[in-house]
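None of the figures in this text is laboratory data; all of them are computed from the coordinates on show. Everything numeric in this text was worked out from a predicted model, so none of it was measured. Cβ: placed from backbone, ideal geometry, glycine included. Neighbour counts: every protein chain shown.
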Amino acid sequence: MSVELDLSRKPAVAGPANLAGLGREGLRLAMIAAGVEEKKARMRASQLWRWIYHYGVTDFSKMTDVAKELRALLAGKFVLERPDIQAAQTSVDGTRKWLIGYGAPNTPGVEAECVYIPDVGKAGALCVSSQVGCTLTCTFCHTGTQKLVRNLTAAEIVNQVMVARDALEEWPTAEKPLNLGDRLLTNIVFMGMGEPLYNLDNVVEALETIGDGDGISISKRRITVSTAGVAPKIPELGQRTGAMLAISLHATNDDLRNELVPLNRKYNLKELFDAIRQYPDLSNSRRVTFEYVMLKGVNDTPAEARDLVRLMKHVPAKINLIPFNPWPGTTYECSDWETIEAFAEILNRAGYASPIRTPRGRDILAACGQLRSESVKEKASERLKKRLAEKGADRV
Ligand code: SAH
């Protein structure tokens, strides 16, 4: 994989490039750009890596084992910045949500959300976004009502994790080394805004950084990537990352799935399941998670539960039943509790673990499918107009 020094996060107003979020190769290239001898660049990058991703420092002067001259050189050329947090909310149940701005500083327009959910996974999970907006238009999903603005870069994805680590005060220090067992953030789920498999290169690079044992160190087995079913990319995700796979299924026949998840018209259930069966290393200890949103009168009959069992035959699987989370303007309703329990019971009897996911963070619109930012895709002509106006302003 070729990695270039990614300067796309540079603020529109020219400023130094941000090193926080870069992968190992990106950091190595940055060292060379700073004037470090090529043969020493990898070693210097490793030193920085530990400071950036293990200790979470945002200040070069804290890097005590890096020579003073190099620290000064780096501080003159680069920054170690966190993204622009435009809003932070905490739910009554402890779920936390951050709205992060990815545009030029202090300008609304390009935003994505990430959500920390305590008591999920080993200790707590961070739900990260891979895109601003989404192309998929799943009819029950709030994010689906928002156009795709752009893919997030690998660094922007990694920075969501760094924001959560900051807020949870989880960076170890020399005085306070953090035992793995004390961590609050142990799992990552790519279940925020966007379709990760439509931004696979960046997701792969972000996973490498997040999973690196010398830094943030969240193992691949605790990272789950969820897809609405981009079939041709599913085996590739496994081969390139070793992450756990989740599939947003939601329907057991093509007619209904075409309606709920329009991507199904491109890759139908047969193609989807063929791809899932090719996911590497599936076993009883590495199961695929099927997500199934419970929509009243739409997909919640006992017959559909039995169809689901039939579909999953020969796939090591578990099922997450998600009570539908309402959002402003939706016409769907959540299935009744008894209906959900009866559905779960059929799956359980067939031998599948099928926990009903307790909705978390509904009061701050942080639950599954409720994420939506006000980001809008600007037309190229509007962008051009703005740029020209800015140029005009420069001349004044
Ligand atoms: N595009 C990827 C990643 C998003 S994951 C995917 O589709 O898998 C977000 C999960 O929340 C998906 O399973 C999605 O189907 C589910 N979801 C979307 N809207 C929802 C809602 N209103 N209530 C409950 N779950 C929802």
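Here are some notes:
- Degrees separating the helix 68-77 axis from the principal Cα axis of the chain, which is the longest one: 70 degrees
- The percentage of C-alpha pairs in the stretch 167-305 whose separation is greater than 19 Å is 57%.
- The residues neighbouring N348, those whose beta-carbon lies less than 14 Å from its own, together hold a net charge of +1 under the Lys/Arg +1, Asp/Glu -1 convention.
- Ratio Rg/Rh [Cα only; Rh per Kirkwood] for the stretch 105-219: 1.00
- Cα-projected label distance for A33 with Q47, points at 7 Å along beta-carbon direction, nm: 2.0 nm
- The chain: angle of helix 154-168 to the longest principal axis, Cα-based, in degrees nearest 10: 90 degrees
- Spacing of the two label points (7 Å from each Cα toward its C-beta) at V92 and K270, in nm: 5.0 nm
- Shape call, the stretch 292-354: gyration tensor on alpha carbons, a/c limit 1.5: prolate
- The largest-to-smallest principal axis extents of the Cα set in the stretch 217-291 are 41, 20, 18 Å.
- Treating each Cα of the stretch 33-104 as one equal point scatterer and applying the Debye formula with no solvent, the log10 of I(q)/I(0) at q = 0.18, 0.19, 0.23 Å⁻¹ comes out as -0.79, -0.84, -1.03.
- Excluding same-chain neighbours fewer than eight residues apart, the aspartates and glutamates reachable from K296 by a Cα-Cα span under 20 Å are D254, D255, E259, E304, D307, E333, D336, E338, E341, E345.
- Evaluated over the Cα positions of the stretch 33-157, the convex hull gives a direction-averaged projected area, one quarter of its surface, of 10.9 nm².
- When the C-alpha to C-alpha distance is required to be over 31 Å, the pairs from K97/K147; K39/K122; K39/K176; K40/K233; K176/K318 that qualify are K39/K122; K39/K176; K40/K233; K176/K318.
- Computed helical MRE - 222 nm, the chain, DSSP H runs ≥ 4 contributing -39500 (n - 2.57), nearest 500: -9500 deg cm²/dmol
- Pairwise Cα distances in the chain exceed 36 Å for 27 percent of all pairs.
- Ranked by the mean number of other Cβ atoms within 10 Å of their residues, highest first, the peptides 168-176, 298-306, 31-39 fall in the order 298-306, 31-39, 168-176.
- Protection proxy ranking of 113-119, 231-237 - average other beta-carbon atoms within 10 Å, highest first: 113-119, 231-237
- The long axis of helix 380-395 is offset from the longest Cα principal axis of the chain by roughly 20 degrees.
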